[in-house]
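In what follows, a single structure is set out as structure tokens and then discussed.
What follows is calculated from the coordinates using simple rules that are stated; it is not laboratory data. Small disclaimer: the values here were computed from a predicted structure and weren't measured.
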Amino acid sequence: MASGILAEIEMPVGVNTTLYTMPSGMAREVTVNICNRNDSDVKIRLFAKGISLEHDTIIRANGVLEKTDIALGGEQNLVGYSDSANVDFVVWG
């Protein structure tokens, strides 16, 4: 299976947003990088398969959070949330 960037999203403010859905019949581990491009702290959330992986986690000003080895099966979603603008979520694997 090819690897690389699967999704790149500048998150809307205050909205749970599907970042990536694994294609039917496929499975893989993915990594999510979350980059705060603000001069102030932000709170993010990350869910996989409906389970909270990060909840109201603070990313410091101009900081990055990397979440690795997230196992997704066919048709399972990765969902993100940010309480502020200028926050990028990148899914790769």
key: DSSP-defined beta bridges in the chain - what % are antiparallel, rounded to 5   = 95 percent
request  = For the chain, evaluate the Debye formula with one uniform point scatterer on each Cα (no solvent term) and list log10 I(q)/I(0) at q = 0.11, 0.12, 0.25 Å⁻¹, rounded to two decimals.
outcome  = -0.28, -0.33, -1.31
